[in-house]
Amino acid sequence: MSLAKKTDKKFTYADYVTWLDDERWELINGDAYNMTPAPSFRHQKIVGNLYFLIKDRLAEKPCIPGIAPTDVVFSEHDVVQPDVFVVCDEKKITEANIQGAPDLIIEVISPATALKDKRGKKALYEKHGIKEYIIVDPTDQYVERFMLEEDGVYGKGAIFGPTEVLPLVALKDIEIPLWEVFEVEGPEEQE
């Protein structure tokens, strides 16, 4: 299994936009991470389920969901492609990318990206003020949610299992039944 590779040179967004379109890269603090090969089918299925469940529940709200591979540009040295994100400030959305912090970011981890998602991206999202950061583990079927506190730091993560409902706090009044994300039996079906 190939891991996301990090190079030694510090890169900028100007470098990033010159790279080949058939490769996926991210910049975190100027470090370039090659995101190839493509995620697994299970990973993509969970990403799709999350995106469509969120999109369906946003019908009455002024927020727009997005999905990878869309660039989210935080700064000259920080460009990522979150699996799923929601932006509630339309001024941040450009034809080419998202400029600034989405309100919600969800990353579905894989063995190749788990450490980067749990450490590097979590620190990056905290630094740039992402209100709610959610990590989804498709193998062990759980979700860990981090909320930005008043001091600008993420609090202790809350864990949700595959038969629980995940409230999306940053989006107010939106709940995601995780059994629909993981495609397992729901609580009613287990009784």
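Scanning region 136-191 for residues that are among the β-branched types (Val, Ile, Thr) and under 23 Å from Gly120 (Cβ atoms) yields Val136, Thr139, Val143, Val153, Ile159.
Scanning region 26-65 for residues that are in contact (Cβ under 8 Å) with a residue 40 or more places away in the chain and farther than 17 Å from Val136 by Cα yields a total of 11. For Val87, indicate whether it is closer than 29 Å to Asp15 by Cβ and touching a Cys at 6+ places or on another chain (Cβ under 8 Å). It is true that Val87 is closer than 29 Å to Asp15 by Cβ and touching a Cys at 6+ places or on another chain (Cβ under 8 Å).
Taking the stated definitions as given, is Gln99 on the phi > 0 side of the Ramachandran plot and at pLDDT 95 or above? So Gln99 does not fit the description; no. Filtered by the rule that a residue be assigned to a loop (DSSP other than H, G, I, E, B), among the small types (Gly, Ala, Ser) and on the phi < 0 side of the Ramachandran plot, region 148-172 gives Gly155, Gly157, Gly161.
Check region 66-87 and report whether any residue there is among the hydrophobic types (A, V, I, L, M, F, W, C), within 27 Å of Ile174 (Cβ to Cβ), at pLDDT 90 or above and more than 16 Å from the chain's Cα centre (by Cα). Looking for residues that are among the hydrophobic types (A, V, I, L, M, F, W, C), within 27 Å of Ile174 (Cβ to Cβ), at pLDDT 90 or above and more than 16 Å from the chain's Cα centre (by Cα), one finds none in region 66-87, hence no.
Where strands (runs of 3 or more DSSP E) fall wholly inside region 73-127, no range has 2 or more residues that are of a type in the set (Lys, Arg).
The values are calculated or read from the model by the stated rules, or taken from the named source; none is laboratory data. Here the structure is a predicted model, which means the values were calculated and not measured. Positions of Cβ are backbone-derived with ideal geometry, glycine not excepted, and every protein chain shown enters the neighbour counts.
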